[in-house]
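Below is one structure, written out as structure tokens; the observations come after it.
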Amino acid sequence: MTPNLHIEQHFNGPELELAQAAAAGRGDEVQRLVKERHADANAVSPGGLPLLAWPVLHGNAAGVAALLDAGADPNRAVPAVGTVMVWAAKAESPEILRAFLERGGRADTSDLDRQPLTRIAALAGQWDNVKLLIEHGADIDAPAHGDSGDTLLTYYSRGQFDKAHWLLERGADPTHRLESAAKPERIGAQTVVENVYWWPVDGGRFPQLAQWQQRCQQLLAARDLTLPREPAHLQRLRLAQGGGELGGGGQAAPASHHEGGGDLKTDIERRESELKDALTPR
């Protein structure tokens with residue numbers, strides 16, 4: 001993350017020197033300023049910027065660790081954000097987040113919009129940070145914005161099946177049902193199950209992704225979460241992306257399989273066979 005702030009507008013004196021030393025990763029200088037100049041590692045500017053945020057915004061893990069070791073609070077509140085952990089969750093270097101977590105940072109917290117840190121990291125494209133947070137105790141099923149069906153697994157089941165598989169193997173719950181929807185008939189739908197079985201993936205172009213989707217399907221099938229009817233929005237997505245192919249590169253199934261009259265086990269086996277065919281080098 002590149003800071004657009006001018007640190008001189010937020011701090012002065014020993015605290016300004018401390019922020020600059022931390023942003024540059026000069027750990028010895030950080031310790032000296034705290035001990036000899038009595039610089040406050042927990043300082044917050046009049047505008048609400050914690051000094052600890054400065055090395056985070058500069059992407060300097062060593063500077064973050066030095067400030068934390070000098071007494072900075074890893075859970076320091078940040079106006080309009082939540083805590084400085086929100087910025088750590090978005091950091092490009094997972095070592096920044098690791099420094100926070102190993103020094104008392106709370107993995108299981110949220111921003112002011114009730115988005116858990118795991119979702120914040122996911123939206124920032126920082127998968128390594130997502131894993132770190134979960135490995136340090138973050139709730140794998142924490143909902144975003146208080147919506148019980150809007151979980152991390154829901155987010156990654158929309159085509160990122162390697163990550164969805166990692167979550168499923170670690171106990172993420174795929175059974176959440178929609179509690180509200182614009183269309184009443186969608187209430188009660190299991191969106192993760194629908195996505196895993198029906199999200200359109202071109203197995204010829206993306207064979208590894210198709211393999212991960214198949215593995216996710218196998219994990220669901222092992223829990224008796226079988227092929228649901230294809231939802232209209234995923235059917236439209238499939239048609240928009242190429243017409244007749246289903247998730248994982250299989251061919252469109254007969255309508256009878258999706259209207260409640262077919263053998264779901266046979267249908268799953270057929271689609272798995274089609275996935276294997278799609279993955280066979282040509």
message = Nothing charged except the Cβ atoms of Lys and Arg (+1) and of Asp and Glu (-1): what's the magnitude of the dipole of the stretch 1-139 about its Cα centre? Round to the nearest 20 debye.
response = 120 debye
query = Quick one: which of 78-85, 174-181 comes out on top by average Cβ neighbours within 10 Å, and what's the full order, highest first?
reply = 78-85, 174-181
task = For a quick protection proxy, order the peptides 228-238, 42-52 by their average other-Cβ count within 10 Å, most packed first.
result = 42-52, 228-238
ask   = What are the residues whose amide H is under 5 Å from the amide H of VAL78, where those residues sit 5 or more places off or on another chain and H is modelled from the backbone?
value = THR83, VAL84
Restricting the stretch 1-87 to trypsin sites (Lys or Arg not before Pro) in coil, as DSSP defines it, with at most 14 other Cβ within 10 Å = ARG37
query = From the residues GLY25, PRO74, HIS6, which one has its Cα farthest along the dipole of the stretch 1-139 in the positive direction, the dipole being from +1 and -1 charges on Cβ of Lys/Arg and Asp/Glu about the Cα centre?
reply = PRO74
message = Kirkwood hydrodynamic radius, computed over distinct alpha-carbon pairs, for the stretch 1-139: how many Å, to one decimal?
response = 14.6 Å
Amide hydrogen neighbours beyond the local backbone of ALA189, cut-off 5 Å, H modeled = LEU178
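Bear in mind that the values in this text are calculations on the coordinates, not laboratory data. Please read these numbers as outputs of a predicted model, since none were measured by experiment. Neighbour counts run over all protein chains shown; Cβ positions are idealised from the backbone, glycine included.
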